[in-house]
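Okay, so here's the structure we're looking at.
No value in this document is a laboratory result; all are computed from the given coordinates. In this text, all values refer to a predicted model and were calculated from it rather than measured experimentally. Here the Cβ positions follow ideal geometry from the backbone for every residue, glycine too, while neighbour counts run over all protein chains shown.
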Amino acid sequence: MSIRTLLIWIIIAGMLGGAAVFVRQKHIAALGEQEVVWVGLEFDPAGVISLSVEGEGGSVEIQRDADSIDQWRGAWSNGVSWGLASNRVRAGLRSLATARVRLSDEAVMNSPDRTTTVRSRDGSIITLSIGSDRLGGRVPVRVEQRDESGAIERVVDGWLDTALVDSFTSDVVLGWRDDRLFDMAASSVSQLRLSADKHAVSLLRTPNGWVIDDPIEVHANREKVDELVRSLLSVQAQRFIDEEIDEATSGLSKPLARIMVGDEASGSSLTIGTRADINADTLYARFEQGGHSTLITVSTDALTKLTAYPDAYVSKTAGGFGLTSVRSVRVLGRDDVMKLDAVRNGATWLIADQEADTLTNESIDRLLSILLLQPAFGVRLVDASFELPKIIAGVELLDANGAPLGEYDIALEQAADGLRLLVIGDLGDGRRVVWGYRGDDAQATGTWLTIAASRPTPKN
């Protein structure tokens, strides 16, 4: 056999041997893959009522609100307590529920570095103990599942994906916090308070609508208060500040403003400090709820339209009740003596048990329209030192039981755009609210009241 032929056979033999080794190794690897067993944690995310994470870096307890379907709150071991974004909680629970543990025939974890516990509505509990080793992108774990009686149903030892495990730590869950501050429906808000500089206003929702109850007591502008509620509920945390910052730096030792929003059961407050960035796009703020305080930043733009001036929230209609509530209308002279007493009689009015003439009927209806339906062009709060035009008449509105609904002084003011009708309500302590009306109805009502208040006093 020639040397050339021998070399050819050696090459062929080497190739066949290499192919055999390759096929054998591939077969062994395939067998190894077939022997790997994966199991899930076996829980329904929709049935979870709490999730807790405990470790050396801190702990957090996440609870589902018992009175809601999808509201969550986190309480951290460092004292932080905050509502959580439901979509972030759901995503976290789904990732945990769909996780797969690679089984091991023996315990692979010496001692747990931290634990994650899932409690479900049916009473079952899953405890995931996590080791500290990191091997090939996986971490050793032990899964212990108990039924509603507390009996152990199964124990699983194995390996879990490191990225998944590291997404369930106390610090990472801080990122689940909801950006919203006042987490409530607009319809449930029943009390508001704003203060800034030397001004403050408190608003209260009543069965008859919103009222200002401090520093004055008067019915409020529903549209304006509803707008305020929407603005406050839209305020969000731009950044959560978990490090320590002294109040001198945050400006909270001398706050710019304070805001309180509450329902019938409780309230939350937001105290506004100084700017948090060089451009003053954000401000430091302290949010307080349920005895817990959190330092955050908020957008400056979100607060620019808010005002603590009570004038801004006074109703533009002088009366805070409906037309049908009024049974009688009284007109008083300058000496506060009653000059006219009109009682409703269906669609008309009676004066001294006699049906009023057409002009008087129309004048009373127009007066009530101004007081109860037409918005004033301007509203102003004044104190005793403010000089008003001379009073021309007084008006009293009473209900079916003779109880007073509203009492007003009436004045006329000459302006460039014509005669203005001023309706003045007494708020006590020398404070008054003045509604200004203009136009044909206002001028006609002013003329009629001037005449009516000058009538002879009716005999009893």
Working from Cα positions, state the angle (0 to 90°, nearest 10) between the long axis of helix 86-97 and the longest principal axis of the chain.
20
A convex hull over the alpha carbons of the stretch 186-313 yields, per residue, a volume in Å³ of 108
Once both label points are put 7 Å beyond Cα along the C-beta direction, the Asp357-Glu407 separation in nm becomes 3.1
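May I ask you to sort Tyr309, Tyr437 by Cβ crowding, counting other Cβ atoms within 10 Å and putting the fewest first?
Tyr309, Tyr437
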Expected output is a single nm value to one decimal: the length gained when fully extending between Met338 and Thr457, i.e. 0.36 nm times separation in residues minus the C-alpha distance. What is it?
42.2 nm
Using a Förster distance of 30 Å, how high is the FRET efficiency between Glu153 and Ser132, based on the Cβ-Cβ distance and rounded to 0.05?
0.65
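Suppose a student asked you for the relative contact order of the stretch 186-313, using Cα pairs under 8 Å spaced at least 6 residues apart; what percent would you report?
Values: 255 pairs, mean separation 34.6, N = 128.
Reported relative contact order: 27 percent.
If R0 is 41 Å, what FRET efficiency do you get for Ser253 and Ser50 from their C-beta distance, rounded to 0.05? Walk me through the numbers before you get to the answer.
Numbers: r = 38 Å, r/R0 = 0.92.
Efficiency for this residue pair is about 0.65.
So if the hydrodynamic radius of the stretch 358-460 is defined as the Kirkwood radius over C-alpha pairs, what does Stokes-Einstein give as its diffusion coefficient at 10 °C and 1.306 mPa s, in µm² per second? Before the final figure, lay out each step's value.
Values: Rh = 14.5 Å.
Estimated diffusion coefficient is 109 µm²/s.
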Return a whole-number percent for the relative contact order of the stretch 322-456, with Cα pairs under 8 Å and 6 or more residues apart as the contact set.
28
Hey, what D do you get for the chain in µm²/s if you plug the Kirkwood alpha-carbon radius into Stokes-Einstein at 25 °C and 0.890 mPa s?
85
With label points set 7 Å from each Cα along the Cα-to-Cβ direction at Ala85 and Arg121, the distance between them in nm comes to 2.5
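Compute the projected area of the convex hull of the Cα atoms of the stretch 157-238, averaged over all viewing directions, and report it in nm² to one decimal place.
Working: hull surface 37.5 nm².
Hull-based average projected area comes out at 9.4 nm².
Rounded to a whole number, what is D in µm²/s for the stretch 242-356 from Stokes-Einstein with the Kirkwood radius over alpha-carbon pairs (20 °C, 1.002 mPa s)? Spell out each step's value before the answer.
Details: Rh = 19.2 Å.
In µm²/s, the coefficient is 111.
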If the chain between Glu243 and Asp440 were fully extended at 0.36 nm per residue, the gain over the current Cα-Cα distance would be 64.6 nm
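Identify the GluC sites (Glu not before Pro) of the stretch 215-266 meeting these criteria: DSSP loop state and at most 16 other C-beta atoms within 10 Å of the C-beta. List each step's numbers first, then the result.
Numbers: sites: Glu217, Glu223, Glu227, Glu243, Glu244, Glu247, Glu264; in loops: Glu217, Glu243, Glu244, Glu264.
Those satisfying the criteria are Glu217, Glu243, Glu244, Glu264.
If you count, for each residue, the other Cβ atoms within 10 Å and average over each peptide, how do 448-456, 46-54, 354-362 line up from highest to lowest?
Output ranking for 448-456, 46-54, 354-362: 46-54, 448-456, 354-362.
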Averaging sequence separations of C-alpha pairs under 8 Å and six or more residues apart, then dividing by the length of the stretch 225-299, give the relative contact order as a whole percent.
31
For the pair Ala75 and Asp281, how long in nm is the line joining their label points, each one 7 Å along Cα→Cβ?
3.7
Coordinate range along principal axes, alpha carbons of the stretch 48-136, Å, largest first
43, 28, 24
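Which trypsin sites (Lys or Arg not before Pro) from the stretch 120-196 combine a DSSP loop assignment with at most 15 other Cβ atoms within 10 Å? If you can, show how the numbers build up before the last one.
Details: sites: Arg121, Arg134, Arg138, Arg142, Arg146, Arg154, Arg177, Arg180, Arg193; in loops: Arg121, Arg134.
Counting only loop positions with at most 15 other Cβ atoms within 10 Å, the trypsin sites (Lys or Arg not before Pro) in the stretch 120-196 are Arg121, Arg134.
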Could you tell me the center-to-center distance, by alpha carbons, between the stretch 197-238 and the stretch 404-437 in angstrom?
23
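Please give the calculated 222 nm ellipticity per residue for the chain, where each DSSP H segment of at least 4 residues contributes -39500 (n - 2.57) and the sum is spread over every residue; nearest 500 deg cm²/dmol? Numbers along the way, then the final one.
On the way: 8 runs with 98 residues, N = 460.
-6500 deg cm²/dmol, from helical runs alone.
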